[in-house]
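First the structure, in the form of structure tokens, and then the observations on it.
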Amino acid sequence: MSKYSMLVNILGQIRAEGASTPFTSKYVSSTSDPEQINHERSRAFIHLYLKVSFGMLDFAERERLITDGSNDGGIDGYFIDTERRMIFFVQSKFRTTEANFTNKQITLEELLAMDVTRILEGHEEDESGNKYSGKILQLQRDVRSIEDIGRYKYKIVILANIEAPSPSKLSRIVGGLPCEVVDYDRCYELLVFPVISGTYFNASELVIHLDLSNKNAGSKISYTVDTRYGECDITALFVPTLEIAKIFHKYKNSILKFNPRSYLELEGAKVNEAIRNTVLHQGKNEFALYNNGITMLSAETNLNERIGQKNKAQLNVTNPQIINGGQTAYTLSRIYEEQAPEQADAVFEGKEVLLKVITLNSGPKAKEEDKVRLIEAISTATNQQTAVINADRYSNETVNLKLQKTLFDRYGLLFERKRGEFEDGVYNAYVQRSQIIERNLFFRILFAANGDINRAVQKRLFAKLSKSGWSVPTSEQLDRFYFGYLCSQLLAPREVFSDYQTKEIYGKVFVMTSWYMPPEIGDFESAARNSLEAFLSEWDRFVNLHESSNTQFIKVRIDRATQKPVSFFNRHRWVRSGNFPKDVKEYFEKIKPR
């Protein structure tokens, strides 16, 4: 699946969100008319920008800000950011084919049609006397209602490809306002990948509401600890599971960036089911007894028990990151997402979870390397519900982040550096599980495609390489990997190919890459597919030759029926031997097409 197909899948899910709203006809028209479907995707594309950029999860709230239509003054959507005191005006051009999405430019006339300055000046009709739409008049009312509007700034966001004029020239075209361009490349980077990985909206501050009605000795326990990485404050308290569920529903993996792994859908199935059962089927608060709790890192933590509400308190956490208990938090969010809005409170009522907040007293000035060391130490020492393996601890290293970005940008592949990080994309049908390449499998194919067949079958490659240190492969090596990866999908089922003992398949990957890889990436898929039959025939001849001539692996056994000696070729032993890679390279090098 291409990156564009991933985008279309995401837009399809956004359109589906509109099915239960008064806007169904605009997004889910149940038609096969391509023009109507493309129009629905175009509106969903603006939804995607608002959702990712500003954390707007509610469909109706986003729809209110979409102004695309007749007499819209060239503005397709807007957002008023009260925190940053910035008003964003969106001009969007979604392209209905992958080629056009990559190559087609927005025209100068389309940019000149933006009447942002005229609209902000209060005019209710364009220069031709046409009255602006109700949505644009609503925009004007929203701007007028801002009390400190004098402190606000404006920005134009263009969701389209554009010839790269200087920023000052582009600004003049759109009325003298600063302008940001999100072209096809940045769209995949800023909108598509964050949605697939569940990292699209960062939490600068969390507000958690607490229930004090059953807290006899106050709401918290606080303790100051002096560590080799600096002084920390530890705050332990019980918080409503509903609060944690809502937080994770909104922020997902963006709040797990320092966690060595993300949500484990399959491997953590037993843990997930136990959490679900305790929440859904236990009438009381057994959850507080059974669950180990959540550990969160914070730059600043404040608790106020005097908020004008009886038996209520509020916890504020700055730059939060969950470093333990992510499985618990994510499962709670899944339960929350499955409930009808009016039923969620009842499902979670009275159920709480232990939250431990670790605050670095040095705040934002804390050295990043000290923070990472502290996280690693806590992760290692904490008793977790699902074991963290050594490889998980390397998942957040810079080289893995760089490799992940390179593989997505260049090939549209999802490198799973952290276990479970794409589960949200799979769960929401943005991508298929087969599109995710497991971190050890990446290195096996990389080594095989580049000729190191013996190394390709070593165990725990990711952990070994991370421990010893490695750098991102060259573009040539990565291209060979990608062609080898495509060949591997044709050669063997995924579950068989992931077995480190399948040395013969890695030999095949090497030969196909050496023989058939074309110079252009765009030709890789067809070249792999078209060469498969001829290659397999030649591989059979290679094996047959060694069966008849390689006496080292010819064994003799006594046939039980006849009691006579019978010779046979031990293919398995040959493949596992050190001779096999040499035999492969010598044979196929002699007959390689020139």
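Can you spot the aspartates and glutamates whose alpha carbon is less than 16 Å from K310's alpha carbon? Ignore those fewer than 8 places along the same chain.
D211
For V157, enumerate residues with amide H under 5 Å from its amide H, sequence gap 5+ or separate chain, H modeled in the peptide plane.
HN-HN under 5 Å from V157: F89, V90, Q91, E180.
If you fit an axis through the alpha-carbon atoms of helix 368-381 and take the longest principal axis of the Cα set of the chain, what angle between them do you get, 0 to 90°, nearest 10?
70
May I ask you to compute the full-extension gain from R433 to T107, defined as 0.36 nm times their residue separation minus their alpha-carbon distance, rounded to one decimal in nm?
113.5 nm
Between the stretch 163-181 and the stretch 6-33, what is the C-alpha centre distance in whole Å?
33
Among the listed pairs K220/K356; K3/K503; K131/K153; K250/K284, which have their C-alpha atoms separated by more than 20 angstrom in this model?
K3/K503; K131/K153; K250/K284
How about the stretch 86-162: which chymotrypsin sites (Phe, Trp or Tyr not before Pro) there lie in a loop by DSSP and see at most 15 other Cβ atoms within 10 Å?
Y152
Describe numerically, in nm with one decimal, the distance between label points set 7 Å from Cα along Cα→Cβ at I558 and at T117.
10.1
In whole Å, largest first, what are the principal axis extents of the Cα atoms in the stretch 442-594?
58, 39, 27
What's the long-distance tail for the stretch 399-532, i.e. % of Cα pairs beyond 21 Å?
38
Roughly how many nanometres apart are two label points built 7 Å out from the Cα toward the Cβ at A340 and E305?
Result: 3.9 nm between the two label points.
How far, in degrees from 0 to 90, does helix 439-449 lean away from the longest principal axis of the Cα atoms of the chain, to the nearest 10?
Roughly 50 degrees, rounded to the nearest 10.
Nearest 0.05, what FRET efficiency do T318 and A288 give at R0 = 22 Å with Cβ-Cβ as r?
0.30
If you fit an axis through the alpha-carbon atoms of helix 269-281 and take the longest principal axis of the Cα set of the chain, what angle between them do you get, 0 to 90°, nearest 10?
Approximately 30 degrees, to the nearest 10.
Where does each of 112-125, 284-297 land if you order them by average Cβ count within 10 Å, highest first?
Final packing ranking: 284-297, 112-125.
How large, in percent, is the carbon and sulfur part of the accessible surface of the chain at a probe radius of 1.4 Å?
Answer for the chain: carbon and sulfur cover 48 percent of the accessible area.
Add +1 for every Lys or Arg and -1 for every Asp or Glu among the other residues with Cβ under 11 Å from the Cβ of E547, and state the total.
With Lys, Arg at +1 and Asp, Glu at -1, the net is +1.
Karplus couplings for the stretch 183-190 from phi (6.51 cos²θ - 1.76 cosθ + 1.60, θ = phi - 60°), rounded to Hz, Gly and Pro as x?
Coupling constants for the stretch 183-190: 7, 4, 5, 6, 4, 5, 6, 8 Hz.
Just for the chain, what percent of DSSP beta bridges are antiparallel, to the closest 5?
Of all bridge pairs located within the chain, approximately 70 percent are antiparallel.
Each label point is 7 Å from the Cα along the Cα-to-Cβ direction; what then is the distance between the points at T96 and R228, in nm?
Taking the two extended label points, one gets 6.4 nm.
Measure of size requested: the Rg and Dmax of the stretch 156-261, with Cα atoms as the atom set and Å as the unit; please supply both.
22.0, 65
With only alpha-carbon pairs counted, each pair once and no self-pairs, how large is the Kirkwood hydrodynamic radius of the chain in angstroms?
By the Kirkwood definition, the hydrodynamic radius is 27.9 Å.
Using a Förster radius of 45 Å, what is the FRET efficiency between R186 and S548 based on their Cβ-Cβ separation? Nearest 0.05, please.
It comes out at approximately 0.15.
Please list the non-local residues whose amide H lies under 5 Å from the amide H of K312, H modeled 1.01 Å from N, same-chain partners needing a gap of 5 or more.
Counting only residues 5 or more places away or on other chains, the set is L212.
Working from the pairwise distances between different alpha carbons, so that the mean of 1/r is found and then inverted, what is the stretch 1-134's Kirkwood radius in Å?
16.1
How large is log10 I(q)/I(0) at q = 0.12, 0.25 Å⁻¹ when the Debye formula is applied to the Cα atoms of the stretch 104-171, each weighted equally and without solvent?
With one equal scatterer per Cα and no solvent, log10 I(q)/I(0) is -0.42, -1.18.
The values are calculated or read from the model by the stated rules, or taken from the named source; none is laboratory data. Small disclaimer: the values here were computed from a predicted structure and weren't measured. Because the Cβ atoms are built from the backbone with ideal geometry, glycine has one as well, and the counts that use them run over all protein chains shown. Remember, those area values only see protein heavy atoms, side chains included, never the ligands or the DNA or RNA. Shrake-Rupley method; radii C 1.70, N 1.55, O 1.52, S 1.80 Å.
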